[in-house]
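Quick notes on the structure that follows.
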Amino acid sequence: MLALGKSKQPPQDPVSLAQAQRAKEEQDVQTAFQKGITALRDFIAPSSLEFSSTRFQIGTRLARTYYVYGYPRQVYTGWLSSMVNLDEIMDMSIYIYPVESQIVLENLRKKVTQLEAGIQIDSEKGRVRDPGKQAAILDAEEMRDKLQVGEERFFRFGLYFTIYGTSEDELEFVSHKVESMLGQQLVYSKPATSQQEQGFNSTIPQMVDQLQIRRNMSTGALSTSFPFTSADLTQDNGILYGINMHNSGLVIFDRFSLENSNSVVFAKSGAGKSFLVKLEALRSMMFGTEIFIIDPENEYQRMCEAVGGAYIKLSLDSTTRINPFDLPKVIDNEEADNALRSNLITLHGLLRLMMGGAQAQVQNGAQFMLPALAPSEEADLDAALINTYAKAGITNDPLTHAAQPPTIADLYDTLLHMGGTGPQLAQRLRKYTTGTFAGIFSQQSNIDINNPLVVFNVRDLEDELRPVAMYIVLNYIWNKTKVDNKRRILIVDEAWQLMRYEDSANFLFSLAKRARKYNLGITTITQDVEDFMGSRLGRAVVANASMQFLLKQSPSAVDVLKDVFKLTSEESKRLSQFPVGQGLFFAGQNHVHLQIIASPTETSLITTNPGNTDSLQNNQPLEQGTIDLNNRLSPGSAGVV
């Protein structure tokens, strides 16, 4: 017999036991790791949600959801824009449900029958006619006609919004503000009492309408509630001007995309007009635009030196010379044929300005006008100019335009030795040749500018000579502009100094009209709004500018600008209350409330307030040439700063 007993299990391999133990430990670690992973919903979820009958608390903020239940008989386009552009934190949801036209037609037929029966019963009982029933019948019949021919469709419309506040008082303040705003348009809203949770779910972006409070609307009425009505001036190309205060969007714009690229800047002293213009110039240079600046107050030197620009100081003591008789080296055949004649016309205006023609002067407290040139003087001056060019070998033939041009000294000599009124004209011109103002404009030009940024500083010139210098510099820039077709911006600061004189104002206006042809944009800056806009030519310069900037104004200037720019009463009121760096930006037919923004480095280069540079996170102004203008952005780039 065989003895049966327990069989012995073979001993386990120690290696297998260790592997199993290690696998179990790895599984435990993996399980613990999975428990510790934070999901996306954990990041976006509030710390707590507490609902009551009239409001709810989400984290530390209080909130309240409203629904709109009442509308006027007629709603107008943009009635919702006041809500969209309200400067408060708000979530808004619009639900639109299409309805079959046949169902609506049947319901309207029944409704009209009921209303007509009600009117007949009232008439039989001698009751006073109810205008509401008559209006309802007319509306229903009109809707039936439009639905029948497919002109309109029918929809169910629901509008809910949730407002937020950091405290009970703030929540009540915002609630009253929103309800009053809607009530002014006969649009009535109510808080979703005892349905705050459903209201909150209806306004967050999950497309769930748990309130289901709707109003019948036709296609026309529904179109008036289009929510995207805030002003927008953002393009794919251009430079950054600032922040759109209506919707916190970026204002990125290309001035050369308009019908003309001229702009005007109006602001009182210290409102930020020079800051804005210098910021635009810096950013435009990054796209390859060349900048010319006429600087009457030495405000652009720091920026010019930082980017390695050409800084030309014009004064009686400087060695810089600009000859107003220079002719442009144009390539275009038509322009070449008219180059001499065009420059002669310009010289006529300049010489009238230099000789005192139609120029206001103040003596012993009284203002008077110096005598303009008489017709005989005009004729003699014209003949002298032609003869002066002819003596230098320059005629209407473009082949002769390469010869060295004459100077004012040559014109003086021609006038002195000709008959008629020539000697008298020469005496009036002598102070520019051998007198007090000799040298600066009576010799051959010694500048040949080839730089993306050129600043002409006229601060140190005498008051009488400054408008003459600005006129000559404008003509020099204009001649250079006609040589090629590069993108250029000409900045004329304190332009009111030119507008005081008829000839210089005419010349600036002429540039503004013709600049588009040569890819030139003229920026005119002034703080003397009343005098500028009071001039016929000043208004014409503004009319020929497709871009305008209105920063903070003095109260006396607001009424003038309100009439010119057709501002609303609210915009006019804000115009005198804007903080520094804010204003209205007009581009074509659109305008927005703009906040100018700059990086600390840009601010250190362009600010004229010495206190600003100390509070810019210790950023020091850059040394000369530290901004590399050769490393520019491509024209399609959108990020500038």
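Whenever a residue of the stretch 124-143 is under 13 Å from Lys111 (Cβ atoms), its partners that are among the acidic types (Asp, Glu) and assigned to a helix (DSSP H, G or I), lying with C-beta atoms within less than 7 angstrom and at least six residues away or across chains, give the pairs Ile137/Glu116. Residues in the stretch 558-592 that are loosely packed, with under 14 Cβ neighbours inside 10 Å, over 20 Å from Phe509 (Cα atoms) and not charged (D, E, K, R): Thr568, Ser569, Gln577, Pro579, Gln589, Asn590. Across the stretch 77-101, the number of residues qualifying as over 24 Å from the mean Cα position of the chain (by Cα), more than 11 Å from Phe226 (Cβ to Cβ) and part of a loop (DSSP other than H, G, I, E, B) comes to 2. Taken as a whole, the structure leaves Ser315 outside the set of residues that are out of contact with any Asp or Glu (no Cβ under 6 Å at 6 or more places or on another chain) and either modelled with pLDDT under 90 or of a type in the set (Gly, Ala, Ser) (or both). Taking Ala540, is it in the same structural domain as Gln589 (by TED's automatic domain parsing), among the small types (Gly, Ala, Ser), at pLDDT 85 or above and out of contact with any strand residue (DSSP E or B) (no Cβ under 7 Å at 6 or more places or on another chain)? The answer is yes for Ala540.
Here Glu305 does not fit the description of being more than 30 Å from Phe154 (Cα to Cα) and out of contact with any strand residue (DSSP E or B) (no Cβ under 9 Å at 6 or more places or on another chain). Among the residues of the stretch 481-490, is there at least one that is part of a loop (DSSP other than H, G, I, E, B), in contact with a helix residue (DSSP H, G or I) (Cβ under 9 Å, 6 or more places away or on another chain), closer than 20 Å to Ser535 by Cα and basic (Lys, Arg)? Checked the stretch 481-490: no residue is part of a loop (DSSP other than H, G, I, E, B), in contact with a helix residue (DSSP H, G or I) (Cβ under 9 Å, 6 or more places away or on another chain), closer than 20 Å to Ser535 by Cα and basic (Lys, Arg). I'd like the residue in the stretch 52-96 that is of a type in the set (Phe, Trp, Tyr) and modelled with pLDDT under 90 and, out of all such residues, is surrounded by the most Cβ atoms within 10 Å (Cβ to Cβ). Among those that are of a type in the set (Phe, Trp, Tyr) and modelled with pLDDT under 90, it is Tyr71.
Taken over the stretch 553-595, the residue count meeting the criterion of being β-branched (Val, Ile, Thr) and within 23 Å of Thr234 (Cβ to Cβ) is 2.
On the stretch given as the stretch 528-557, residues that are farther than 11 Å from Val264 by Cβ and surrounded by 22 or more Cβ atoms within 10 Å (Cβ to Cβ) total 4. Does Gly199 satisfy the criteria of being of a type outside the set (D, E, K, R) and surrounded by 17 or more Cβ atoms within 10 Å (Cβ to Cβ)? Yes, satisfied. If you filter the stretch 157-178 down to residues that are out of contact with any Asp or Glu (no Cβ under 7 Å at 6 or more places or on another chain) and of a type in the set (Phe, Trp, Tyr), you find that the one that is surrounded by the fewest Cβ atoms within 10 Å (Cβ to Cβ) is Phe173. Is at least one residue of the stretch 256-263 closer than 23 Å to Lys517 by Cα, aliphatic (A, V, I, L, M) and surrounded by 24 or more Cβ atoms within 10 Å (Cβ to Cβ)? Within the stretch 256-263 (the criterion being closer than 23 Å to Lys517 by Cα, aliphatic (A, V, I, L, M) and surrounded by 24 or more Cβ atoms within 10 Å (Cβ to Cβ)), the answer is no, since none of the residues qualifies. The number of residues in the stretch 379-412 being in contact with a Gly (Cβ under 9 Å, 6 or more places away or on another chain), closer than 18 Å to Ala339 by Cβ and surrounded by fewer than 15 Cβ atoms within 10 Å (Cβ to Cβ) comes to 2.
When every residue of the stretch 429-451 is checked against the conditions, at least one turns out to be assigned to a helix (DSSP H, G or I), in contact (Cβ under 8 Å) with a residue 24 or more places away in the chain and more than 23 Å from Lys329 (Cβ to Cβ). Inspect the stretch 102-121 for any residue being within 30 Å of Tyr66 (Cα to Cα), polar (S, T, N, Q), in the same structural domain as Val178 (by TED's automatic domain parsing) and outside any helix (DSSP H, G or I) and give the result as yes or no. No. If the condition is being closer than 15 Å to Glu172 by Cβ and under 38 Å from the mean Cα position of the chain (by Cα), then the stretch 41-64 contributes Arg61, Leu62, Ala63, Arg64.
So that you can scan it fast, the table gives a plain yes or no per residue for (1) in contact with a Pro (Cβ under 8 Å, 6 or more places away or on another chain); (2) at pLDDT 85 or above; (3) not β-branched (Val, Ile, Thr):
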site: Ile322; (1), (2), (3): no, yes, no
site: Val330; (1), (2), (3): no, no, no
site: Ala336; (1), (2), (3): yes, no, yes
site: Leu344; (1), (2), (3): no, yes, yes
site: Met354; (1), (2), (3): no, no, yes
site: Gln359; (1), (2), (3): no, no, yes
site: Leu373; (1), (2), (3): no, no, yes
site: Ser376; (1), (2), (3): no, yes, yes
site: Leu385; (1), (2), (3): no, yes, yes
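Tell me, which residue of the stretch 513-559 that is among the basic types (Lys, Arg) and in a helix (DSSP H, G or I) is farthest from Val580 (Cα to Cα)? Result: Lys517.
The values are calculated or read from the model by the stated rules, or taken from the named source; none is laboratory data. Remember, predicted model here, so these are calculated numbers, not experimental data. Backbone-built Cβ (ideal geometry, glycine too); neighbour counts: all protein chains shown.
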